[in-house]
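Only one structure is covered here, and it is reproduced in the block below.
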Amino acid sequence: MSNLLEGRVAIVTGAGRGIGRAHALELARHGAAVVVNDYGVSLAGEGTGETPAESVVAEIEAAGGRAVVNTADVADFDQAEAMVRQAIDTFGGLDILVNNAGFVRDRMLVNTAEEEWDAVIRVHLKGHFAPLRHAGAYWRAEAKAGRERAARVINTSSGAGLQGSVGQTTYSAAKAGIAAMTLVAAQEMGRYGVTVNAIAPVARTRMTEGAFDTSAMALPEDNSPIVAWLASAEAGDVTGRVIEIDGSTMTVELGWRHGPARDAGRRWEAVEVGPALRDLLAQGPDPEPVYGA
């Protein structure tokens, strides 16, 4: 164990398997007490009745750490609030929120059912919003009471949300929304001592296996050291960033930026738009290729 996160309290959602499990173990290894959240669902988000969080908690405790099981549906507003309250009541506070829970229902756009869209958007977007909303309210109250905490939020986006991914319209839209949510939350919550960042992890998990060849992909635990540092008190000067992690490579994503511009000085005429826009596009860089294109 190191002392990077000694005395700090964390929630990790979707922590029963894969990347979330690796995060929970890594945070605990560095001294954090961890609320290990996992609803127990299949890859498609259907209830299985399993409680994989229990084995993760047992593993943390066997190594001398502190952890507790939570089985909340993180996209349920009240359950998310209770999860935050569990961390505070059990360990005396909350310092770190790692939003990781999610699942996929991959379809080409024209084959996507409304229910599939709603389910994926709910677990990813609302499943990030609800815990962040309640954790944020707690940190605001603490700051106003003169007990500001060095709070850290690490959200989970994806290259699919940053560059797009063929066959993953819904997932890509949700992950892009998480990146935008991260930027806004970082600005709004900085006044309370909270940093908000996102990672775009690449790893061989049950979400990627079967979709394509994953033999050369990084392991889930390869993403977690960066999460541990972002969760530390010393990371207070890093906020509003999206960081892609692909094995040994860490990339700061630049996201949407203002590019070439032209001011007509008046309302554009439709017949003028084509030549002007093509000229502006030629001045800027080509977009990153969409995954699977």
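Observations
- Of Ala33, Gly164, Asn70, farthest towards positive along the dipole that unit charges on Lys, Arg, Asp, Glu beta carbons give the chain: Ala33
- The chain: calculated mean residue ellipticity at 222 nm from DSSP helix runs of at least 4, using -39500 (n - 2.57): -11500 deg cm²/dmol
- Placing unit charges on the Cβ atoms only, positive for Lys and Arg and negative for Asp and Glu, gives the chain a dipole magnitude near 740 debye about its Cα centre.
- Under the criterion of Cα pairs below 8 Å and six or more residues apart, the relative contact order for the chain equals 17 percent.
- Look at His128, His134 and count the other Cβ atoms within 10 Å of each Cβ; fewest to most, that gives His134, His128.
- Rounded to the nearest 5, the antiparallel percentage of DSSP beta bridges internal to the chain is 15%.
- Counted residue by residue at 0.36 nm each, then reduced by the alpha carbon distance between them, the extension gain from Glu269 to Val252 reaches 2.2 nm.
- Globularity ratio of segment 1-134, using Cα Rg and 2.2 N^0.38 Å: 1.07
- Using alpha-carbon coordinates, inclination of helix 270-283 to the longest axis of the chain, degrees: 60 degrees
- Backbone N within segment 16-39 under 20 Å of label point (7 Å from Ala233 Cα along the Cβ vector): 27-35
- Each label point was placed 7 Å from the Cα along the Cα-to-Cβ direction; for Asp118 and Ala293 their separation is 3.2 nm.
- Exposed loop positions in the chain were taken to be chymotrypsin sites (Phe, Trp or Tyr not before Pro) whose DSSP state is not H, G, I, E or B and which have at most 16 other beta-carbon atoms within 10 angstrom. Between these positions, the longest stretch is 1-255.
- Two-decimal ratio, segment 158-293, of alpha-carbon radius of gyration to 2.2 N^0.38 Å: 1.32
Readers should treat all values here as calculations from the given coordinates under stated rules, not as data from a laboratory. Because the structure is predicted, anything quoted here is derived from the model rather than measured. So basically every Cβ, Gly included, is an ideal-geometry build from the backbone, and we count neighbours across all protein chains shown.
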